[in-house]
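Rule-based calculations on the coordinates, nothing more; no lab input. Small disclaimer: the values here were computed from a predicted structure and weren't measured. All Cβ positions, glycine included, derive from the backbone under ideal geometry; neighbour counts span all protein chains shown.
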Amino acid sequence: MVTKTLQIEGMTCAACAKAVEKASAKLQGVTEANVNFATEKLNISFDDSQVSIPDIQAAVEKAGYKALVESNSRTLQIEGMTCAACAKTVEKAVGKLEGVIEANVNFATEKLNVVYVGSKVNTSDIKSAVEKAGYKALEVQATVDTDKEKKEKEMKLLWRKFIISAIFSVPLLYISMGHMMGLPLPHFIEPMMNPVAFAVTQLILTIPVVISGNRFYTVGFKALFRRSPNMDSLIAIGTSAAILYGVFATVKIIGGDSSYAMDLYFESAAVIITLITLGKYLESVSKGKTSEAIKKLMGLAPKTAIVIRNEKETEIPIEEVEVGDVIMVRPGEKMPVDGEVVEGTTSVDESMLTGESIPVEKNAGDKIIGASINKNGTIKYKATKVGKDTALAQIIKLVEDAQGSKAPIAKLADVISGYFVPVVISLAVVSGLAWYFLGGETAIFALTIFISVLVIACPCALGLATPTAIMVGTGKGAEYGVLIKSGVALESAHKIQTIVFDKTGTITEGKPKVTDVVVTNGITQDELLQLAASAEKGSEHPLGEAIVKGAEEKGLEFKGIEFFKAIPGHGIQVKIDNKDILLGNRKLMVESNISLENLEESSDRLAGEGKTPMYIAIDGKMAGIIAVADTVKENSKKAIERLHQMGIKVAMITGDNKRTAEAIAKQVGIDRILAEVLPQDKANEVKKLQAEGKKVAMVGDGINDAPALAQADIGIAIGSGTDVAMESADIVLMRSDLMDVPTAIQLSKKTIKNIRENLFWAFGYNTLGIPVAMGILHVFGGPLLNPMIAGAAMSLSSVSVLANALRLKRFKPVR
C-alpha cells in the first residue's frame with residue numbers, strides 16, 4: 001500500500017471535491033481517497049500492484065478535473081552542446097530519470113528547463129544524468145515553488161476578471177436601475193423614448209462580463225452534463241436564464257413590444273458574475289493565508305550551504321548536500337541540514353523548531369538541527385540527514401499530512417455537499433414553477449425566484465468550514481512546537497478526561513542528580529562528595545555517574561584510587577589516601593557491621609522523598625549519606641495544575657516502587673499513581689482506564705511507551721524522545737516542556753469551536769437563505785429577494801467562513 005498526494009486543478013466548490021473523491025475511490029485497489037478543498041489536494045491510499053498514478057489521473061480527468069503530481073521546476077545551464085541533436089540527447093537523458101515530468105532544452109540559450117518530483121529525484125541526479133550523456137550542467141537557478149506561482153497567477157487573473165466585470169457592470173447597473181431612482185439618463189437610451197437602444201446597450205455591456213466569467217459556464221455546464229453539477233453549474237444556469245430571457249425581451253422590444261423594457265434582467269446576470277468573481281478572489285487570498293504556517297516552515301531552511309570538499313570551501317545549493325559532507329557555518333548563519341558537530345563550539349538558537357527561546361550550547365559530538373541559527377561561534381559539522389530526512393522536512397510533512405486529513409466532524413458536511421447541488425437545482429425549478437402555476441404569478445416573478453435560489457445556495461461555505469480551521473489550527477500548533485498529526489487527533493484531544501504521564505523523562509528529567517549530602521563524624525560535605533566521586537570515577541552505574549557529575553559541577557578535584565573492588569548488589573570498596581572507603585546501600589553497611597549512628601532518621605526521610613540514599617563509611621566508621629534522585633522538570637507541577645483547572649484528571653505510570661512514585665506524585669500533584677508497572681504492561685494500564693469509560697491520553701518519550709501511546713485515545717510524544725515514540729503518537733511536542741500538553745488541548749478546543757461556528761454559519765446560511773430566495777417572505781406579504789443580493793450574500797458566506805477560520809491565528813496558550 002502506498003499513499004500519495006496529488007494537486008487537483010479545476011475545483012470550484014465542495015461538490016467538485018466530492019466528485020473527485022468518488023471518481024478516484026471507485027478504482028480497484030484504492031482504499032481511501034480524501035480531497036481537501038482548501039488546499040486543493042487529493043490524499044489517496046492505494047495498492048500500487050493494482051492501480052497506478054496515471055490510472056488515478058485518468059479517472060480524475062474523466063470526472064472533469066486535472067490531477068497533477070506536486071513538482072518543482074529548475075533551470076540549468078548546459079555546456080558542450082554543438083547542435084540540435086545534442087539538445088535532444090540531453091532531453092532524453094534527463095527525461096528518462098524517474099520523477100522527471102518534463103525536460104526541455106533550448107539550444108539557442110543553452111538552458112535546460114526541468115520539472116520534477118522533489119521526493120523522487122534531486123538536482124544532483126539531473127546533473128549526473130547530463131554528465132553521463134557527455135555534457136555539463138551548471139549555474140543552478142533557485143527552485144521555483146510551482147504551487148505558489150500557480151496560486152499567485154490565479155489570484156491575479158481573478159482580480160483582473162473582477163476589474164473587467166466591474167467596469168462594465170457599474171454603468172449597466174446605472175442604466176438599468178438609475179431611472180427608477182430618478183437619476184438622469186442620456187436621451188438616446190431613455191427607456192420610454194428609445195427602448196431598443198436601452199435594451200441593446202445593456203446587452204452590449206453584458207457580453208464582456210460574460211466573457212470574463214466564461215469559466216463559470218465552461219466548468220459549470222461540463223459538470224452538469226457529466227451529472228455531477230457543482231457551484232459553477234448553479235451560477236451558469238441562473239445567469240444563463242437571466243441572459244436568455246434578456247435576449248428574448250430585446251427581440252420583443254425590436255419587434256415593437258416596448259413593455260418588456262422594464263424587465264431585461266441583464267444587470268442581474270452581470271452583477272452576479274462580478275460579485276461572485278470578487279468573492280472567489282477574496283476566497284483565494286484567504287486560502288493563501290491559511291497555509292502560511294507551512295510556507296513559514298519551508299522558508300526556514302537556507303537555500304545554500306558551505307561544504308568543505310578537497311580542503312576547499314564550496315558554496316552549493318542545499319539540495320546537493322550529501323550525508324557525510326562537512327559543512328561550515330559562521331555566526332549568524334542558519335544550519336543547512338541535520339548533523340553532528342566535528343569541530344568548534346557555539347550556542348544555537350533552535351526556537352523556530354522547538355519554541356525554546358534559550359540558545360543551546362553545542363560542542364563536538366552534539367547534534368545539530370537543520371534551519372536552527374548559529375549564534376556566536378564558527379563550527380564545522382558532519383551532515384547526517386539531508387533532504388526529506390531532516391527534522392524540518394519531517395515536521396513539514398507532518399503538518400502537511402495533518403492539513404490534508406479530515407476530522408470526523410466534517411463527515412456530515414461531506415455527505416451533504418455530495419447531494420447539495422442537485423437538490424438546489426430541483427428546488428429552484430419546483431419553486432419557480434409553483435409560483436407560476438399555483439401562485440398565479442408572472443413568468444418574470446417565477447424567473448426571479450428560479451435565479452435567486454440557484455445563486456444564493458453556497459456549497460463552498462460547507463466545503464471550506466472544516467479544512468480551513470484544521471489548516472490554521474495545525475499551523476498554529478507548529479508555531480508553538482506542538483505537531484498535531486491528523487484532523488482526528490485535533491478533534492479527539494478536546495474530549496480527553498484523563499492524562500497518563502510516564503514518570504521518567506516526562507515528569508522528571510530522566511537523569512539522576514545529587515540532591516542532598518548529609519555528613520557526620522567531622523567530615524565536610526565537599527570532602528565526602530570528593531571521596532565518593534573519586535571512588536565512582538570509572539563507574540557506569542547511573543547513581544555513580546550522578547555523584548561524579550555532582551563533584552564536577554562543584555569543581556572538586558578527583559583523587560587517585562589505590563585499590564578498587566566491586567561488591568555486586570551492594571556497592572564498592574576502595575582505598576584513597578590510605579583510607580578504606582565503603583560506598584553503597586544499607587545492606588553493605590549492615591553486612592560490614594557499620595553502625596548508621598544518628599543518620600537513621602535522615603536516611604528514612606530521604607527515602608520517603610523518593611531519593612536513593614548512598615552510604616559512605618571511612619575506616620569502619622559512618623561518614624555520611626549522599627542522596628541521588630531523578631529531579632522533577634521545572635514546569636511539571638505548573639502543567640499538572642493547569643490540567644486540573646481544565647477539569648482533567650492526571651495519572652502517573654512508572655516502574656519505580658510505590659514509595660518513590662508517591663514522593664514524586666506528592667511534589668507535582670498527581671491524582672492517581674500506577675507504580676511498579678513493567679514496560680510491556682503500560683498499554684494494559686491505559687486499557688484499564690479506558691474500560692472505566694474514560695477518554696485517555698498518554699504522554700511518554702521512550703520506546704517502551706510506544707504501545708501505550710498507540711493504545712491511548714490520544715498518544716502524545718515528548719520531542720526529546722525517540723523516533724519510535726513519535727511514530728506511535730498522534731501529537732508530538734517538539735520541546736520537553738509539559739506546559740505544551742495543556743497547550744495542545746486548548747488548541748484542540750479552540751479549533752473544534754471554530755469548526756462548529758463555521759459549520760453552523762454554513763448550514764444556517766443555506767437553511768435560511770434558500771427558503772428566502774424561494775419566496776417564503778413574499779407568501780406573508782414580505783419582499784422578494786433580488787438575485788443580485790442573493791449573489792452578494794453567497795460570495796460573503798464563503799469569505800466569512802474563511803475570515804472566521806483565520807481568527808484562530810490569534811490563538812495564544814494560557815500559561
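Worth a mention:
- Cα centre as origin, Lys/Arg/Asp/Glu Cβ charges: the chain dipole, Debye: 2200
- Cβ-placed point charges (K, R +1; D, E -1), dipole of segment 320-381 about Cα centre in debye, nearest 20: 220
- Simple label model, 7 Å out from Cα along Cβ direction - Leu412 to Glu757, nm: 1.8
- Here segment 781-810 is scanned for amide nitrogen atoms under 13 Å from the site 7 Å beyond the Cα of Glu479 along Cα-to-Cβ, giving 806-810.
- Amide H contacts of Phe37 (H built 1.01 Å from N, in plane; Pro and chain starts excluded): no residue 5 or more places away or on another chain comes under 5 Å.
- Cα centroid separation, segment 574-643 to segment 801-815 (Å): 51
- C-alpha center-to-center spacing [segment 253-285, segment 401-449] in angstrom: 21
- Label zone (Ser49, point 7 Å along Cα-to-C-beta; backbone nitrogen cut-off 17 Å) within segment 1-42: 1-3, 28-31.
- Extended-chain gain in nm, criterion 0.36 nm per residue less alpha-carbon gap, Arg605 and Glu98: 175.7 nm
- Cα gyration tensor category, rounded, prolate or oblate, for segment 83-197 with a/c compared to 1.5: prolate
- Whether segment 537-619 is rounded, prolate or oblate, judged on the alpha carbon gyration tensor where a/c under 1.5 counts as rounded: oblate
- Taking amide hydrogens as placed 1.01 Å from N in the peptide plane, the amide H of Lys695 sits under 5 Å from those of Gln497, Thr498, each at least 5 positions away in sequence or on another chain.
- Cross-link partners of Lys96 among aspartates and glutamates (Cα-Cα below 16 Å; sequence separation of 8 or more within a chain): Asp125, Glu131
- Ordering 298-307, 413-422, 470-479 by mean Cβ neighbour count within 10 Å, with the highest value first, yields 470-479, 413-422, 298-307.
- In segment 468-562, one over the average inverse separation of all distinct C-alpha pairs is 17.6 Å, which is the Kirkwood hydrodynamic radius.
- Fully extended contour minus Cα-Cα distance, from Val779 to Val170, at 0.36 nm per residue: 216.0 nm
- Gyration tensor verdict on the chain (Cα atoms; rounded if a/c is under 1.5, prolate if a/b is larger than b/c, oblate otherwise): prolate
- Since only Ala383, Pro184, Val699 are under comparison, the one whose Cα sits farthest along the positive direction of the charge dipole of the chain, derived from C-beta charges on Lys, Arg, Asp and Glu, is Pro184.
- For segment 455-517 versus segment 11-80, the gap between their alpha-carbon centres in whole angstrom: 28
- Applying 0.36 nm per residue to the separation of Thr520 and Lys150 and subtracting their alpha-carbon distance, the gain on full extension is 125.5 nm.
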